[in-house]
1. Within the chain, what's the longest stretch lacking trypsin sites (Lys or Arg not before Pro) that sit in DSSP loops with no more than 10 other Cβ atoms inside 10 Å?
2. For a quick check, take a GNM of the chain with Cα springs below 10 Å and name the residue from A243, A113, A212 with the largest mean-square fluctuation.
3. Tell me the GluC sites (Glu not before Pro) within the range 57-165 that lie in a loop according to DSSP and have at most 10 other beta-carbon atoms within 10 Å.
4. Between L62, L109, L242, where does the largest GNM mean-square fluctuation fall for the chain, given springs only between Cα atoms within less than 10 Å?
5. DSSP loop (so not H, G, I, E, B), at most 16 other Cβ within 10 Å: list which GluC sites (Glu not before Pro) in the range 179-218 pass both filters.
6. So if I place +1 on the C-beta of Lys and Arg and -1 on the C-beta of Asp and Glu, and nothing else carries charge, what would the dipole magnitude of the chain be about its Cα centre? I want it in debye, nearest 20.
7. When the helix-only estimate is applied to the chain (DSSP H runs of n ≥ 4, each -39,500 (n - 2.57), divided by the residue count), what is the mean residue ellipticity at 222 nm, nearest 500 deg cm²/dmol?
8. Using alpha carbons only, how many angstrom separate the centre of the range 114-150 from the centre of the range 172-215?
Amino acid sequence: MDPQAKPSNPNVAAVLSWIVPGAGHLYLGRLGWAAIGFVLIEGLYYLGLVLSEGRAFEYLDLELRSPVAPALSPELGNLGAFIYQLKSYGFGPGIMQPWPETMRLGSSLCALAGILSVCFAVLAHVHARAVRATPNAAAAPARDLLLAWLVPGLGHWMQGRRLRGAIVFGLLVGLFVLGTWLAEASNLSRERHFYFWAGQFLIGAPSLVAEALFGAMRVRSEIQYVDCGLVFGCVAGLLNVLAMIDVFGYAEAKLFGWPIKGSEDDAATKAVEGARA
């Protein structure tokens, strides 16, 4: 089916992709992209469920367990799989059981699938609007968005905005490292701090690597500055969302030929408008 045969609603494509990865591209008639999105993202989420036995939401304290409590987690980015996990596994059988040895890995894979699903929904939205663009050009906004999540500043760097990328990397990764040091790595445990962990997961690879190296450390005494550390690590991830939006906006402007604020093209546009006035 030719994706240019009929106009498609970008918002519908994005929402469908959010519900089931690949559904948005199926709506657009892009069968290859639909298959890639479904197999990759849902396969990753399923692997995470197998490794964690679907028990990630058991990390929530008893008083926080409600149908909407897990919504502040990266898994929500893959809405269909998130609902499936919540309905099929919920908050566990209600009896104390040891965690599986692969619990942390499985939980992180489900969260990663949620992030990838968001990027794929963005890709569906752009594909619906940029029907005349080449495949590589149309994929650029979603690709840069994913890179900006993976390593803060990497999306800016790949766009040629290297000074901004270096500043974003230094500030956000530095803030995350400071928070981890103050919290003595206790912030890296989703079991201890479900919501703070969700926030700092938005900083991508630094969070994943730190958790793989230090996430199993035991807390043997009171941590004096744990609250500051938790806030710093979480804020670093939330600030990276703003950096991701900046990266996407720049890539989107380049794709559609819009003037970019602060660029030479934008300055030239303003000069022309001033001359006409």
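All of the numbers you see were taken from the coordinates with simple rules; none came from a lab. The structure presented is a predicted model; accordingly, all values stated were derived computationally and were not measured. Positions of Cβ are generated from backbone atoms using ideal geometry, with glycine treated the same way; all protein chains shown enter the neighbour counts.
1. 1-131
2. A212
3. Filter output for the range 57-165: E101.
4. The residue with the greatest mean-square fluctuation here is L62.
5. The qualifying sites are E191.
6. So the dipole magnitude of the chain works out to roughly 600 debye.
7. Numbers: 13 runs with 173 residues, N = 277.
For the chain, the value works out to -20000 deg cm²/dmol.
8. Spelled out, the Cα-based centre of one part sits 27 Å from the other.
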